[in-house]
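Chemist: Here it is: the structure, laid out below.
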Amino acid sequence: MVDSNAADPSLTISFRKGDTVAPACSELPDFLYARFMTPISPGRPYGRYQEACSILALPGMYDEYLGSPERSKVRYAAGRARREGYVFQEIEPEDWRDDILAVNASLDERQGRPMDAAYLTEPIPPRERTPGCPRHREAWYGIVKDGRLVAYAWILQVGEMCLFSRILGHGAHMDLGIMYQLMTGVIEGLMSSANLRYPMYERHTSGTEGLQFFKHRMGFRSCWVDWQLADEPVISRRPAYEAAMRRGMERPGPVRRLARRLRRLASTRLRG
């Protein structure tokens, strides 16, 4: 469900908890719901991953997404990688441990920061959760050329959404479209197998300008999200002053004055 009138669209996204009896169909929704809905500080009434989430709201069909005029650059980049001989596939990370380590070590910096040492000492995070149904599972995908893995993504598929928990490419191959091939491959596969509707890639302002450009080109946008465990009623906790400010920009008189007061109040709270 999308509220297209808001400055940042408002989405309600369900984790589809308990749609089968498999443990992961409840464990993964509980894990992400707790992580996303815990406030970043005690004074905030909403979760740390509700405001300014980087979300791609997909249409009903993959061809409708990739075939749109806005995705022409994405089609070209992913197609270039395929023409260069790169192949997208789902992977078992333990089978590619050395290549994953080589990808992680191929650049000294990522997103303007030194590469985290954990990526070099523990290239594959512990996998503690048992498989669930196609809509509730962890999955790894990769780009392979000449028998070597050159990019990979670690995904949590949970209900209507998937979280790109990790996505990295080898520095020597990044200019050949492999990250677009990887991203579109994941989206196409999960739309088919899990009815994916909302890929998520951290907060929309996270990362360097290059990463933000990549996300924007893919179609990710800054969104407010009301997370839903299953199909329970949701009462949005989006701060009321944001809605008042948007209305105040459009309407004269008392509403605009109220918006100005609420804006000053919000600024005072942030400084405090």
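The values are calculated or read from the model by the stated rules, or taken from the named source; none is laboratory data. Only a predicted model underlies this, so the values are computations on that prediction, with no experimental measurement involved. All Cβ positions, even for glycine, are placed from backbone atoms using ideal geometry, and neighbour counts span all protein chains on display.
Chemist: I need the full set of residues from segment 50-85 which are in contact (Cβ under 8 Å) with a residue 12 or more places away in the chain, outside any helix (DSSP H, G or I), over 30 Å from Leu229 (Cα atoms) and out of contact with any Leu (no Cβ under 7 Å at 6 or more places or on another chain), in order please.
Modeler: Residue satisfying the conditions is Gly85 alone.
Chemist: Which is surrounded by 15 or more Cβ atoms within 10 Å (Cβ to Cβ) and either touching a strand residue (DSSP E or B) at 6+ places or on another chain (Cβ under 8 Å) or among the charged types (D, E, K, R) (or both), of Pro123, Pro93?
Modeler: Matching residue, one of Pro123, Pro93: Pro93.
Chemist: Identify all residues within segment 161-186 that are surrounded by fewer than 23 Cβ atoms within 10 Å (Cβ to Cβ) and within 20 Å of Gly18 (Cα to Cα); write none if there are none.
Modeler: The answer is Leu163, and nothing else.
Chemist: What single numbered condition from (1) surrounded by fewer than 17 Cβ atoms within 10 Å (Cβ to Cβ); (2) over 23 Å from Gly177 (Cβ atoms); (3) at pLDDT 85 or above fails to hold for Val158?
Modeler: Of the numbered conditions (1) surrounded by fewer than 17 Cβ atoms within 10 Å (Cβ to Cβ); (2) over 23 Å from Gly177 (Cβ atoms); (3) at pLDDT 85 or above, the odd one out for Val158 is (1).
Chemist: Taking Gly142, is it assigned by TED's automatic domain parsing to the domain that holds Ser192 and closer than 19 Å to Ala194 by Cβ?
Modeler: Yes, satisfied.
Chemist: Follow-up question, since we're still on this one. Conditions first: (1) closer than 20 Å to Tyr180 by Cβ; (2) under 19 Å from the mean Cα position of the chain (by Cα). Gly85 passes all but one, so which condition is the exception?
Modeler: (2)
Chemist: Since Val144 meets every condition but one in (1) modelled with pLDDT of 95 or more; (2) of a type in the set (A, V, I, L, M, F, W, C); (3) over 15 Å from Asp99 (Cα atoms), which condition does it not meet?
Modeler: (3)
Chemist: Here's a follow-up. Among the numbered criteria (1) in a loop (DSSP other than H, G, I, E, B); (2) closer than 20 Å to Cys162 by Cα; (3) touching a Lys or Arg at 6+ places or on another chain (Cβ under 9 Å), which single criterion is violated by Asp30?
Modeler: Tallying (1) in a loop (DSSP other than H, G, I, E, B); (2) closer than 20 Å to Cys162 by Cα; (3) touching a Lys or Arg at 6+ places or on another chain (Cβ under 9 Å), Asp30 fails exactly one: (1).
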